[in-house]
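Please treat every number below as a calculation from the coordinates, not as lab data. For clarity, every value in this text was computed on a predicted model and none was experimentally measured. All Cβ positions, glycine included, derive from the backbone under ideal geometry; neighbour counts span all protein chains shown.
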């Protein structure tokens, strides 16, 4: 298949896009992501998305051993420091309305528009401090027509996509910059759950849990180190499991946690100290 | 609000694991659990997770 587009290959367009990202985007300055709308527009207008997808499909057809870089429902086109580019197939509506832990630019591919309902994050929302009393505020609906780009401002809004038929979308996103991904119920729009936004956070909490259950004193140092992690739930999981194997070290950690930046950790530490002081086993 | 399943409640510790130190103590849970990536249903984060996970581990300069 010929992937030549306007005299240049799809790869060349992608390479130019990647170069522009490298020049204009700083992964540790998340707002710099918005400078890239022009580069994304140029990539879309070049037809490179079609060329890259066609070539990938052709390769799959010709080579039974080719795995490609496929994820569920998406083809990864590029990964870089703090950003990723993919073609995504929207197929099924979600049970919950999800906050996004990353910023994004979505562009519908093919002939159908992208329809969505918009919700404003409620006053008092702090991503890392889950609060089930908060409710979303409806903020209207939107349509992004073929050729358009939807800018997903995840620090202000949630986007609930309406899916009437499978919809391919070009998706350019940052890496997660928020600690948590919140889920809201459709009935009542109330916050009902918070998930880790990064797999590594889940893995570290599971690791702390396993070390605590195994109960080997040699794990104390690792858990003490983990108690200084950026993610509040990782810090607390480390302390909980440190207490299972090294109560003296946990006591020190609990007193430190009374001044933790996260209120849930401070309250759990204070409550744990109160409880331990009143029990015979808690000689902290 | 239902407490979310933290996602590892079915974790099995091998029988060969050493017994826990009997002097250990239990601390309270946080007032709201944080669930694992993708708990309840595939998450927005999960869509990109594999991509960034691979970047993180394959390319040290992207840490």
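Assorted remarks:
- Partner chain coverage, peptide A:203-214 - average Cβ within 10 angstrom: 3
- Folded to 0 to 90 degrees: helix A:247-257 orientation relative to chain A principal axis, Cα: 60 degrees
- Each residue in A:81, A:153 was given a count of other beta-carbon atoms within 10 angstrom of its own, and listing them fewest first yields A:153, A:81.
- Comparing A:233, A:248, A:269 in a Gaussian network model of chain A, where Cα atoms under 10 Å apart are tied by springs, the biggest mean-square fluctuation is seen for A:248.
- Ranked A:141, A:46, A:201, A:86, criterion: other C-beta atoms within 10 Å, fewest first: A:141, A:46, A:86, A:201
- Counting 0.36 nm for each residue step from residue A:230 to residue A:32 and taking away their Cα separation leaves a gain of 69.0 nm.
- Exposure proxy ranking for A:28, A:196, based on other Cβ atoms within 10 angstrom of each Cβ and starting from the fewest, stands as A:28, A:196.
- Computed over chain A: relative contact order in percent, which uses C-alpha pairs under 8 Å that are six or more apart: 15 percent
- The stretch A:162-284, relative contact order in percent, only Cα pairs under 8 angstrom and at least six apart counted: 14 percent
- Computed lengthening from residue A:58 to residue A:275, 0.36 nm per intervening residue step minus Cα-Cα distance: 71.7 nm
- log₁₀ of I(q)/I(0) at q = 0.12, 0.16 Å⁻¹ - the stretch A:4-197, Debye sum with one point per alpha carbon: -0.64, -1.09
- Gaussian network model of chain A, springs between alpha carbon atoms under 10 Å - residue of A:242, A:258, A:14 with greatest fluctuation: A:258
- Extension gain from residue A:222 to residue A:153, taking 0.36 nm per residue of separation minus the Cα-Cα distance: 21.1 nm
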